[in-house]
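A.B. asks: Quick one: the structure is below, and I'll ask about it shortly.
Read the figures in this text as sums done on the coordinates, not as results from a lab. Keep in mind that this is a model prediction, so the values were computed, not measured. Positions of Cβ are backbone-derived with ideal geometry, glycine not excepted, and every protein chain shown enters the neighbour counts.
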Amino acid sequence: MTGRVAGKTALVSGAATGIGQSIAARLAAEGAQVAVADIDETRGAEVVKAIREADGDALFVSLDVTEETAWRAAIDVVESEFGGLDILVNNAGIAIVESVDKMSFEDWRAVMAVNIDGVFLGTKHAVPAMRRAGGGSIINISSILGLTGLEKLSAYCASKGAVRLFTKAVALECGRDGSGIRVNSIHPGYIHTAMMEDTCRRDYGDIAKGLAELGKLHPIGRVGEPEEIAAGVLYLASDESKFITGSELAIDGGYTAV
């Protein structure tokens, strides 16, 4: 198979649904061997099946991003099955909506464990693997809420802001050590996923109404689609972006330009 990432191997966390699923499918369509990593084995297997039916190469890897042993095992599988690791997409994330005075410490820690501890652990264990492979690209999925704040999402904003600056610090380390590893972050706006549809039903009573109202938050006039985030990931994963590291790519319909 030929493509923009042909011959490369990738691991995508949180790849069983939503944005992660689209990222995995797009990388595979462009020639990468893709490890679909998630805690949801059933949905993850469905994603792998769909990729293979489209003539792509994929396997499922069970991964709880908050567990260091799970990361070690996942990267071991990728190296043994695919021969190395070239691309890591730290995509797994959660959000808990609550005012700061009512949020429990347990909920705060849960958000941090997935959204920033998981990114740290993935990066920590991917870097040695990428050094063995001669270089690579790490893409951390942050958020527009890693660039700006929103009420009742203090934990989410804090975690995604941490991802942004963690990315820059590691980009400097890897840029200056001659490893050939690039590290960048992507900051999606509101994206049309099944999770967003749940939000629309909860907050607006209807999916179409919710999407329309959330679309108004973006100067471009609509919410984004998962495929549009996957396109940005593909660019940063490919050699087309070989002079880009430590950057933040906002794919947000102008949300953060206001």
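A.B. asks: Describe numerically, in nm with one decimal, the distance between label points set 7 Å from Cα along Cα→Cβ at Thr256 and at Arg72.
C.D. replies: Label at Thr256, label at Arg72, 3.5 nm between them.
A.B. asks: Check which residues have an amide H placed less than 5 Å from Leu11's amide H, if you skip close sequence neighbours.
C.D. replies: Answer set, sorted by chain and number: Ala35, Ile87, Leu88, Val89.
A.B. asks: Still on this structure, please answer the following. Multiply the residue separation of Glu79 and Ala212 by 0.36 nm, subtract the distance between their alpha-carbon atoms, and state the gained length in nm to one decimal.
C.D. replies: Details: separation 133, 0.36 × 133 = 47.88 nm, distance 4.39 nm.
Result for the pair: 43.5 nm of gain on full extension.
A.B. asks: Hey, another quick one. Between the helical axis of 18-29 and the dominant principal axis of the chain, each derived from Cα atoms, what acute angle in degrees is found, rounded to the nearest 10?
C.D. replies: 30
A.B. asks: How high is the relative contact order of the chain, in percent, with contacts defined as C-alpha pairs under 8 Å that are six or more residues apart?
C.D. replies: Contact order relative to length: 19 percent.
A.B. asks: Give, in nm to one decimal, the length gained when the segment between Glu225 and Leu150 is fully stretched (0.36 nm per residue of separation minus the Cα-Cα distance). Before the final figure, lay out the partial values.
C.D. replies: Values: separation 75, 0.36 × 75 = 27.00 nm, distance 2.13 nm.
Extending this stretch completely gives an extra 24.9 nm.
A.B. asks: While we're here: Expressed as a rounded percentage, what relative contact order does segment 86-136 have, with Cα pairs under 8 Å and six or more residues apart?
C.D. replies: The value is 55 percent.
A.B. asks: Classify segment 30-72: rounded, prolate or oblate, from the alpha-carbon gyration tensor (a ≥ b ≥ c, eigenvalue square roots; a/c under 1.5 rounded; otherwise prolate if a/b is larger than b/c)?
C.D. replies: oblate
A.B. asks: How large is ³J(HN,Hα), in whole Hz, for each residue of segment 48-61 in order, when computed from phi with the Karplus curve 6.51 cos²θ - 1.76 cosθ + 1.60 and θ = phi - 60°, using x for Gly and Pro?
C.D. replies: Calculated HN-Hα couplings, in order: 4, 4, 5, 5, 5, 5, 8, 6, x, 10, 8, 9, 9, 10 Hz.
A.B. asks: Considering only Trp108, Ser137, Ser22, whose Cα is most displaced toward the positive end of the charge dipole of the chain, charges sitting on Cβ of Lys, Arg (+1) and Asp, Glu (-1)?
C.D. replies: Ser137
A.B. asks: Okay, moving on. Between Glu53 and Glu106, what FRET efficiency comes out of the Förster formula 1/(1 + (r/R0)^6) with R0 = 41 Å and r the beta carbon distance, rounded to 0.05?
C.D. replies: The value I calculate is 0.50.
A.B. asks: Which residue, Tyr204, Tyr156, Tyr235, has the most motion in a Gaussian network model of the chain that connects Cα atoms within less than 10 Å?
C.D. replies: Tyr204
A.B. asks: Sticking with this structure for a sec: Given points 7 Å out from each Cα along the Cα-Cβ axis, report the Thr2 to Ala45 separation in nanometres with one decimal.
C.D. replies: About 3.7 nm separates the two model spin labels.
A.B. asks: Given +1 on the Cβ of Lys and Arg, -1 on the Cβ of Asp and Glu, and no further charges, what dipole in debye does the chain carry about its Cα centre, rounded to the nearest 20?
C.D. replies: In total the dipole reaches around 640 debye.
A.B. asks: Right, next: Give me, ordered by chain and number, the residues 5 or more places off Gly224 or on other chains with an amide H under 5 Å from its own placed amide H.
C.D. replies: Amide H to amide H, under 5 Å and 5 or more residues apart or across chains, Gly224 pairs with Tyr190, Ile191, His192.
A.B. asks: May I pose another question? May I ask you to evaluate 6.51 cos²θ - 1.76 cosθ + 1.60, the Karplus curve with θ = phi - 60°, for each residue of segment 80-94 and list the ³J(HN,Hα) values in order in whole Hz, giving x for glycine and proline?
C.D. replies: My calculation for segment 80-94 gives 6, 8, 10, x, x, 10, 10, 9, 10, 10, 7, 10, 4, x, 9 Hz in order.
A.B. asks: With θ set to phi - 60° and the Karplus curve 6.51 cos²θ - 1.76 cosθ + 1.60, what are the ³J(HN,Hα) couplings of segment 166-176 in order, to the nearest whole Hz, using x for Gly and Pro?
C.D. replies: 4, 4, 5, 5, 5, 4, 5, 4, 6, x, 8
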